[in-house]
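Report on the following structure.
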Amino acid sequence: MYIFEHGPREAPAIVFLHGNAVGGWMWQPYLSEFQDYHCLVLDLPGHGKSNALEWLSLADTAEQVVRIIRERTSQQRAHLVGASLGGSVTFQLMCTNPETVDHTLITGTSLLPMPGLGFFKLMIRLMAPLIKTDFFLRTALKALNFSDEDCAQFRQSLHAISSQTFVTAWSQALDLRY
């Protein structure tokens, strides 16, 4: 799994986990605020610079993150910051390996049943073939309110992810329950 490291290795660690169809690049603007931490910014399997790795499941991805925490941090535990899909991975990791977690910040993740879940999953499947089109890019950029600087990165992320990873990862995140 691709890892960008920033900050002193002996410092407390923060692991940043991105959302579906993006990559660790989304965290770059925030790293300067964490000079006193060992930051590990990951590209999850099937995403960004880890797009050659197959996305298998939330559980598999959480186990890969646990190995990274144990191998790359001085305290073998980390603060976890997860957005959307990254929040689902964070929650999975908290449930299976709580000893590796110091604190968490999760956003954009739901652990409660979603009304109309079947319809939403159908929409994801129908949308998947469109993710590499300019129409999808423009629509997503408008909805996500990305900066102009992030536009090129987002385009690369959409072209790097497979339709299968897009659908599978999102569906698994939607099925996660507390």
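Could you check how many residues of the range 4-42 are over 18 Å from Thr73 (Cβ atoms), free of Cβ contacts under 8 Å to residues at least 60 places away in the same chain and within 18 Å of the chain's Cα centre (by Cα)?
3
Out of the residues in the range 147-178 meeting the condition of being more than 23 Å from Val89 (Cα to Cα) and not basic (Lys, Arg), tell me which one is nearest to the chain's Cα centre (by Cα).
The extreme case among them is Asp150.
Each row is one residue, and each column tells you yes or no for (1) aliphatic (A, V, I, L, M); (2) touching a His at 6+ places or on another chain (Cβ under 6 Å); (3) at positive phi; (4) in a helix (DSSP H, G or I).
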position	(1), (2), (3), (4)
Met114	yes, no, no, no
Leu122	yes, no, no, yes
Met127	yes, no, no, yes
Ala140	yes, no, no, yes
Ala143	yes, no, no, yes
Gln156	no, no, no, yes
Ala169	yes, no, no, yes
Tyr178	no, no, no, no
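When you check Leu42 against the structure, is it assigned to a loop (DSSP other than H, G, I, E, B), within 22 Å of Leu158 (Cβ to Cβ) and either modelled with pLDDT of 95 or more or of a type in the set (S, T, N, Q) (or both), yes or no?
In short, no.
Failed condition for Leu80, given (1) part of a helix (DSSP H, G or I); (2) in contact with a strand residue (DSSP E or B) (Cβ under 7 Å, 6 or more places away or on another chain), with all others met?
(1)
Of all residues in the range 25-61, which are of a type in the set (Ser, Thr, Tyr) and in contact with a helix residue (DSSP H, G or I) (Cβ under 7 Å, 6 or more places away or on another chain)?
Of everything in the range 25-61, those that are of a type in the set (Ser, Thr, Tyr) and in contact with a helix residue (DSSP H, G or I) (Cβ under 7 Å, 6 or more places away or on another chain) turn out to be Ser57, Thr61.
Hey, can you tell me all the residues within the range 75-101 that are open to solvent by 70 Å² or more (accessible area, probe 1.4 Å), out of contact with any Ser or Thr (no Cβ under 6 Å at 6 or more places or on another chain) and touching a residue at least 60 places away in the same chain (Cβ under 8 Å)?
Answer for the range 75-101, where residues must be open to solvent by 70 Å² or more (accessible area, probe 1.4 Å), out of contact with any Ser or Thr (no Cβ under 6 Å at 6 or more places or on another chain) and touching a residue at least 60 places away in the same chain (Cβ under 8 Å): just Gln75.
Only one residue in Arg72, Arg67 is surrounded by fewer than 21 Cβ atoms within 10 Å (Cβ to Cβ), in contact with an Asp or Glu (Cβ under 9 Å, 6 or more places away or on another chain) and on the phi < 0 side of the Ramachandran plot, so which one is that?
From the options Arg72, Arg67, the qualifying one is Arg72.
The values are calculated or read from the model by the stated rules, or taken from the named source; none is laboratory data. Please read all numbers here as calculations on a predicted model, not as lab measurements. Reconstructed Cβ throughout: ideal geometry from the backbone, glycine too, with neighbour counts over all protein chains shown. What goes into the accessible areas is simple: the full protein's heavy atoms, side chains included, and nothing from ligands, DNA or RNA. Shrake-Rupley method; radii C 1.70, N 1.55, O 1.52, S 1.80 Å.
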